[in-house]
Each structure stands twice: as C-alpha cells, then as structure tokens.
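**Q** Let me begin by handing over the structure; questions about it come next.
The values are calculated or read from the model by the stated rules, or taken from the named source; none is laboratory data. Predicted model, so just to flag it, every value in this text is computed and none were measured. In this analysis, Cβ positions are derived from the backbone assuming ideal geometry, glycine residues included, and neighbour counts consider all displayed protein chains. Each accessible area value is taken on the protein alone, full model and side chains, heavy atoms only, with ligands, DNA and RNA left out. Shrake-Rupley method; radii C 1.70, N 1.55, O 1.52, S 1.80 Å.
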Amino acid sequence: MESQMNRGILELCILYQFLSMDYYGYDIMEKMRPLFPDVKDSTFYVILRRLNTKGYTEIYYGKESNGPQRKYYKITKEGKEYLDHLIQSWRTIKDIVEHLGIN
C-alpha cells in the first residue's frame with residue numbers, strides 16, 4: 001500500500017481503537033501490526049505522538065509494571081470529532097471508488 005495512504009488509514013484505525021479502550025503504545029502497535037505488516041514500529045509511535053500533539057489523544061501513566069511506567073493514550077473529545085471527520089472522508093472515498101467500479 002502506498003505509504004501516505006497507509007499512514008492516513010492507520011491513523012483512522014488507531015483512533016477508532018481508542019473508542020473502546022485506552023492503550024499504551026506497544027499494545028496498540030501489536031494490535032495493528034498484523035493488519036499493517038509493512039509499517040515500521042517507528043511509524044506507529046510517530047502517529048501516536050502526532051495525535052497527542054494535535055490534542056486528539058491525551059496521555060496518562062498507568063501503574064508500574066515490571067519495567068518503566070506505561071504511557072497510556074486516551075481519545076479526547078476533539079479526537080472523537082476528528083475521528084468522525086476521518087470516517088466521513090473514508091466513506092466518501094469508498095463511495096467514489098465503488099461508483100467508478102473499483103472493488
């Protein structure tokens with residue numbers, strides 16, 4: 001898949017996962033990796049940082065595990081609004097492609 005398109009779809013998928021629960025970086029990366037096998041680990045973290053910088057997620061630290069504290073990501077109200085926009089954009093693109101006969 002073309003890398004720019006891949007990143008946009010991955011961003012949508014990550015945000016969508018945050019609707020059901022909060023994730024720490026490695027956990028969301030492991031969940032998405034089978035679906036996006038060509039994406040490098042660093043790309044997942046770049047997307048998580050960008051979503052946080054834009055205010056679409058917020059970070060909190062969980063209880064300590066056997067290693068360092070885990071940094072969890074939680075979707076914000078702005079993130080939910082942005083996700084709604086991404087989903088609508090996705091549906092529009094999907095409709096256009098289907099209208100052209102591309103399945």
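**Q** Counting only residues 5 or more places away or on other chains, whose amide H sits under 5 Å from the amide H of T76 once H atoms are built in the peptide plane?
**A** T57, E58
**Q** With a cap of 12 neighbouring Cβ atoms within 10 Å, and only residues DSSP puts in a loop, list the chymotrypsin sites (Phe, Trp or Tyr not before Pro) found in the range 9-103.
**A** Taking the range 9-103 and a limit of 12 other Cβ atoms within 10 Å, no loop chymotrypsin sites (Phe, Trp or Tyr not before Pro) are found.
**Q** Let me ask you something else. Work out, step by step, the length gained on full extension between I93 and K77: first 0.36 nm times the residue separation, then minus their alpha carbon distance; give nm to one decimal.
**A** Stretched out fully, the I93 to K77 stretch lengthens by 3.3 nm.
**Q** Please identify every one of the GluC sites (Glu not before Pro) in the range 2-103 that sits in a loop by DSSP and has no more than 15 other beta carbons within 10 Å of its own beta carbon.
**A** E2, E64
**Q** Amide H of R70 versus every other amide H placed in the peptide plane: which residues, excluding those fewer than 5 positions away on the same chain, fall under 5 Å?
**A** Here the answer is G62, S65, since their amide H atoms fall under 5 Å of that of R70.
**Q** May I pose another question? Among the listed pairs K31/K80; K54/K80; K40/K94, which have their C-alpha atoms separated by more than 24 angstrom in this model?
**A** K40/K94, as the Cα separations exceed 24 Å there.
**Q** OK, next. Any idea which of I93, I75, L12 is furthest toward the positive side of the dipole for the range 7-103, if Lys and Arg beta-carbons carry +1 and Asp and Glu beta-carbons -1?
**A** The residue sitting most towards the positive pole is I75.
**Q** Full extension from E58 to H85: what is 0.36 nm times the residue separation minus their Cα-Cα distance, to one decimal in nm?
**A** 7.8 nm
**Q** Computed from these coordinates, which is Cα Rg over 2.2 N^0.38 Å: [x] 2.08; [y] 1.06; [z] 1.17?
**A** Correct label, based on the coordinates given: [z].
**Q** Sticking with this structure for a sec: Leaving out ligands and nucleic acids, note down the accessible area per residue over the chain with a 1.4 angstrom probe, in whole Å².
**A** Computed with neighbouring chains in place, this is 70 Å² per residue.
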